[in-house]
Each structure stands twice: as C-alpha cells, then as structure tokens.
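Notes follow once the structure below has been shown.
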Amino acid sequence: MEIQSEIKNLVAYAYRTGLIEESDIIWALNTIALNLKVMEVTSAKEEVLEEAEKIPFDAVQAEEFKTASEKGIIDDGSYLENVLKVLTDYAVEQGLTDGDSVVFRDLFDTKLMGALTPRPSEVQAEFSELYEEDPKIATDWYYTFSRDTDYIRRYRVKKDLKWKTETEYGDLDITINLSKPEKDPKAIAAAGKAKQTGYPKCQLCCECEGYSGRADYPARENHRIIPITIRGQEWGFQYSPYVYYNEHCIVLNTRHTPMKIDKSAFLKLFDFVAQFPHYFVGSNADLPIVGGSILAHEHFQGGNYEFAMAKAPVERSFTVPGFPDVKAGVVKWPMSVIRLSGEDTGRIAELADHILASWRGYTDEDAFIFAETDGVPHSTITPIARKVGDEFQLDLVLRNNITTEEHPLGVYHPHAKLHHIKKENIGLIEVMGLAVLPSRLKNEMAELKEAFLSGKDIRDIPELAKHADWFDEFMDEYYRSDIEVDAENFDEILQNEIGKVFMHVLEDAGVYKRTPEGQAAFDKFIKTL
C-alpha cells in the first residue's frame, strides 16, 4: 500500500536528518501510523534504514553545515514535500482533516512533523553544547534543524521570486513573497465560526511552541525556541518560517509586552550582537505606520545577511558635543540614517538615546517635521545594530508617521503613485533595502508581458490598468534610448523597473529628501544635538 510506503519514507527522512535515532525508528513508525489512524505497520527497521540511504543530500549545503551536524542537510525539501503530500492526501480522504485547503493540510502535516521533532529540552541542550564551541556552529545547526523539521518550508521558500536592482544607493534586494500561503474562503469561514480564544496572545508568544493551531492560527508542533538572556531578562531566539533573507531570525521577549524604542532597546540589540557577532539585529519602530505589524509584543529581527544599507558609506561625519569617543555620520541612503560606531556599546547607546530624545521633540515646520499634533507623537527611530571588526555600529533611521489629507497613509510612506507596486508599511526589512512585495505581482508581471507582446492596451485590462502610467513612462524611456524591448529582455527590464519603484518607495519614506534642501534640513537637526 502507498500509505505504508510513505509512512516508512517519512520516518526514514526523520532518521536521515537526525530528528530521531535508530533506536526511535519502531516508535516513530507507530506514532505516524497512529496519527493517520492506520492500525498496523508493514515496514521493518531495516527497510527504513535502507530508504534513508537513498534520500539525496545537497552536497554544497552538506559541506556548509558539516561542522554543525553529522547528518548534514538534505535537498531543497522536495523529498519531504512529496512524502507529506501523499500522507496528507490520505488524511483528507479519510476525513482526518476539516477540509482540503492549504490551511487544513498545513495543520495536519505539521502535526505529523511535530511527532518527529525532538522535545525542547533536547534541542536546547544541543544548541548550548554547540554554542560553547562556537556561536556560528550553534546557529548553523539550529537553522538546519528548523528547516529539517519543516518549520521552515524550504519547498515554499524556494518559490519566492528574488532579484537585485542596481541603484545609486547600492544593490537593492527585491522579493515577491510566495511562501506565505493565502487562506481560502472555506478556511476563513471556518475561522469565523470557531470558538474565539486569546491563546496564544500573538504569534510571537513563547506559548506558540508546540501549539496545534487552528483555522485562524498556524500550527507550531514542530517549532522549537532557544532561550537566551538579554540584559538579564528571559528572551527567546527562533527563525522566521518565511525567511526573507539568510537565517532570518526573530528575538522575542518571553513576556507579551509592547514594543518600545529607548536606551534599553539599544542596549538589548548590542547584547544580542555581542552573543551572536556574526548576526545583525534591528527593531521595528514603536509607532503605527512606521512600525511593524506586531507592535504589541517586543521583538527584534536579525540574521546572517549584509543588506545594501549596511554596505552604504557614511557620506559626511560629525561629532556630537560630549561624545568625542563615538563616531557619527550621515549614511548615503534614500532614508535618513545616522550611523554611530565605536568599541563602547554603552557610550553608543547613550548617544543614541540623546539623538532619540532630540528627534522626538524636534519640530521644523519648513521641512514638514512635526514632533506631535494635538498631543499625538509622530517621531521615533528604527535602530539596527551590527559588529564590524572590533567596532559596534548602530544605524538610527529617523521616522515620522504624520498624515495629511493628501497622504492619509502617511507623508513619509509610499505615496499613492507607487501603490500599484508597494502600498504596505515600510518596516525594518524594507528600511535596510529589501522589498517584500505582494504575491499578486507574479501574475501581473506575466500578464504585463503577454499584453505587451500581443500589442494590447493595458489600460483596457482591469487587473493591469493601475500599472499603465508607470508602464508607459518607463517604456517611453527605452524607446527614446533606442533599446529594443522584446520577449528576451522584457522580464529583466520589468524587474529592474520594479526595483527602481522600490528605491522611490524608500525615498518617500525618508524624512529628509535626497536634495540639497532636504540634506540642509537634515544638517539643521544634527546641529541641535
């Protein structure tokens, strides 16, 4: 029977990736069978071991992680994807799920993987032992583990469209997110009928670890959190299941407490970087519009990746009175960024706190900078910390969430002209130079190409009409430059133009524009420090 074969294959996968040991194989076969309500198992341990040897390894990734795990890492997840599909198909047919949508299928296959995932105490012990050897070895192992458990679904992440666009500020990263599944109408209806519960309070709470999920909440049976200490407080360390960049991690307070940018936040960022010097870490701002999607739970995001903003140079330096030991400068970036650097993190945090307090109380009507209106505060900072050589850096991105009738979503937010590409808030990830664009763009890009090659007027196509002015504008530039646009170069041109739109999105989000007048206003603020 196919179901018996796939039970064997799933257990073989778990053994191959080190989720279980050889002595666990019989138990694992019975456990998976139990979850599928299969009353007997026909595979022997020897057959599982034989199948495990057939599972392909990715030679490059296995080499990369060989110091962190004897088992290494298997391919891009295709083997696991195929096995889980068959098992979940069976579960749907047998009525073991509430439906056949991606939401219910995810709930079930996560349950299967959760049964094969080591307990938190085992994972924490392994991480601690590896950390004593080297922090990078520990995170290499944990990142591999988080993918092998299917908490990070590699086979979905690889579907994301990614490219780089060269700009005057460096190479911006562009991604169209396809790995986060969209709920279908049946799942939405089921969620509406389900009994409402406040548990867990949010998707960043530690109570998510091992949670079985529901129609309106993802299952996390295969999720394991590493406990760490930040400034004497209990925090957790995990990876994002959607990994927008390499080793995209989340550092979260174990208490459900609101986001707050202050001196303490700066010191917490530095504490994390001191413990994991190969990672950067940053925080979303703590105000609506310019903050992240979850402001109710204090958390940071980091990872092992160098964004364009980190590579951007300081274009003019300055010294703040009282802080001759901390280097400060304005970064060449579309948003307004002050970079602080030095060896003493305490002193950097003191200066950052001084700049934050000054910015929160600063008003310059000529530059349309208002600290508050009608008692509502508007100004805050998005901070990013990293270690470069022997020095620590802290980038302070000045933010302001004021709105007007002309710009109801925010003056320093993507303007309406750019909403056909990016309308969502500009959070930490975008600030650093990575565009996370909506999945709709994949189909719209293909439809734009088809319309162009067939000579159709996109203004007559409802789904594409919003792109018409932008499309005509950049196509006119190519026509004037005598560059022939055809089927072979259309995709590259379109990607490049989308990247340029993101550059303008960041410029819109900058409180001081990249003009002589804007930079003069920026310097005016700096002189008040």
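The values are calculated or read from the model by the stated rules, or taken from the named source; none is laboratory data. On a predicted model such as this, the values are computed, not experimentally measured, just so you know. Glycine also receives a Cβ, built like all others from the backbone with ideal geometry; neighbour counts cover every protein chain displayed. Calculation scope for accessible area: heavy atoms of the full protein, side chains included, ligands and nucleic acids excluded. Shrake-Rupley method; radii C 1.70, N 1.55, O 1.52, S 1.80 Å.
Key figures for this structure:
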quantity: Among the candidates 168, 122, 129, 133, residue that is more than 24 Å from the chain's Cα centre (by Cα) and under 30 Å from residue 507 (Cβ atoms); calculated: 168
quantity: Residue in segment 351-361 that is over 30 Å from the mean Cα position of the chain (by Cα) and surrounded by fewer than 21 Cβ atoms within 10 Å (Cβ to Cβ) present; calculated: yes
quantity: Restricting segment 1-37 to residues that are free of Cβ contacts under 8 Å to residues at least 40 places away in the same chain and touching a Phe, Trp or Tyr at 6+ places or on another chain (Cβ under 9 Å), the residue that is farthest from residue 113 (Cα to Cα); calculated: 22
quantity: Subset of segment 16-27 that is over 29 Å from the mean Cα position of the chain (by Cα) and not in a loop (DSSP other than H, G, I, E, B) - its residue that is surrounded by the fewest Cβ atoms within 10 Å (Cβ to Cβ); calculated: 23
quantity: Those residues of segment 242-282 which are farther than 19 Å from residue 225 by Cβ and among the polar types (S, T, N, Q), in sequence order; calculated: 246, 264
quantity: Sole exception among (1) assigned to a loop (DSSP other than H, G, I, E, B); (2) open to solvent by 80 Å² or more (accessible area, probe 1.4 Å) for residue 512, by number; calculated: (2)
quantity: Residue 374 modelled with pLDDT under 95, open to solvent by 10 Å² or more (accessible area, probe 1.4 Å) and more than 20 Å from residue 231 (Cβ to Cβ); calculated: yes
quantity: All positions within segment 474-529 that are among the charged types (D, E, K, R) and either closer than 21 Å to residue 413 by Cα or at pLDDT 95 or above (or both); calculated: 491, 492, 497, 500, 507, 508, 513, 514, 517, 523, 524, 527
quantity: Test: residue in segment 28-43 that is modelled with pLDDT under 85 and buried (at least 16 other Cβ atoms within 10 Å of the Cβ); calculated: no
quantity: Elements of type helices (runs of 4 or more DSSP H) contained in segment 382-487, each with 1 or more residues being out of contact with any strand residue (DSSP E or B) (no Cβ under 8 Å at 6 or more places or on another chain), among the charged types (D, E, K, R) and within 30 Å of residue 368 (Cα to Cα); calculated: 468-480
quantity: Qualifying residue in segment 447-468 (condition: within 20 Å of residue 167 (Cα to Cα), modelled with pLDDT of 95 or more and open to solvent by less than 60 Å² (accessible area, probe 1.4 Å)); calculated: no
quantity: Enumeration of residues in segment 99-123 that are in contact (Cβ under 8 Å) with a residue 24 or more places away in the chain and either over 24 Å from residue 80 (Cβ atoms) or among the charged types (D, E, K, R) (or both); calculated: 106, 109, 111
quantity: Every residue from segment 252-264 that is surrounded by 23 or more Cβ atoms within 10 Å (Cβ to Cβ) and either part of a strand (DSSP E or B) or out of contact with any helix residue (DSSP H, G or I) (no Cβ under 8 Å at 6 or more places or on another chain) (or both); calculated: 252
quantity: Any hit, segment 215-228, residues being open to solvent by 40 Å² or more (accessible area, probe 1.4 Å), polar (S, T, N, Q), outside any strand (DSSP E or B) and closer than 21 Å to residue 111 by Cβ; calculated: no
quantity: Filter result for residue 269 (within 20 Å of residue 128 (Cα to Cα), buried (at least 23 other Cβ atoms within 10 Å of the Cβ) and touching a strand residue (DSSP E or B) at 6+ places or on another chain (Cβ under 6 Å)); calculated: no
quantity: Selection count where residues are in contact with a Lys or Arg (Cβ under 9 Å, 6 or more places away or on another chain) and either more than 17 Å from residue 10 (Cα to Cα) or open to solvent by 10 Å² or more (accessible area, probe 1.4 Å) (or both), scope segment 128-151; calculated: 5
quantity: Residue count for segment 105-127, restricted to those that are touching a helix residue (DSSP H, G or I) at 6+ places or on another chain (Cβ under 7 Å), open to solvent by less than 20 Å² (accessible area, probe 1.4 Å) and either within 19 Å of residue 78 (Cβ to Cβ) or not in a helix (DSSP H, G or I) (or both); calculated: 3
quantity: Long-range neighbours under 8 Å by Cβ, at least six apart or interchain, first residue among the β-branched types (Val, Ile, Thr) within segment 423-441, second part of a strand (DSSP E or B) and open to solvent by 20 Å² or more (accessible area, probe 1.4 Å); calculated: 429/301; 429/436
quantity: Considering residues of segment 152-166 that are open to solvent by less than 20 Å² (accessible area, probe 1.4 Å) and assigned to a loop (DSSP other than H, G, I, E, B) only, the residue farthest from residue 432 (Cα to Cα); calculated: 152
quantity: Selection count, segment 276-299, where residues are in contact with a strand residue (DSSP E or B) (Cβ under 7 Å, 6 or more places away or on another chain) and open to solvent by 20 Å² or more (accessible area, probe 1.4 Å); calculated: 3
quantity: Positions within segment 317-338 being touching a residue at least 40 places away in the same chain (Cβ under 8 Å) and open to solvent by 20 Å² or more (accessible area, probe 1.4 Å), in sequence order; calculated: 318, 321, 332
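Okay, residues lined up against (1) in contact with a helix residue (DSSP H, G or I) (Cβ under 8 Å, 6 or more places away or on another chain); (2) not hydrophobic (A, V, I, L, M, F, W, C):
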residue	(1), (2)
205	no, no
230	yes, no
245	yes, yes
297	no, yes
305	no, yes
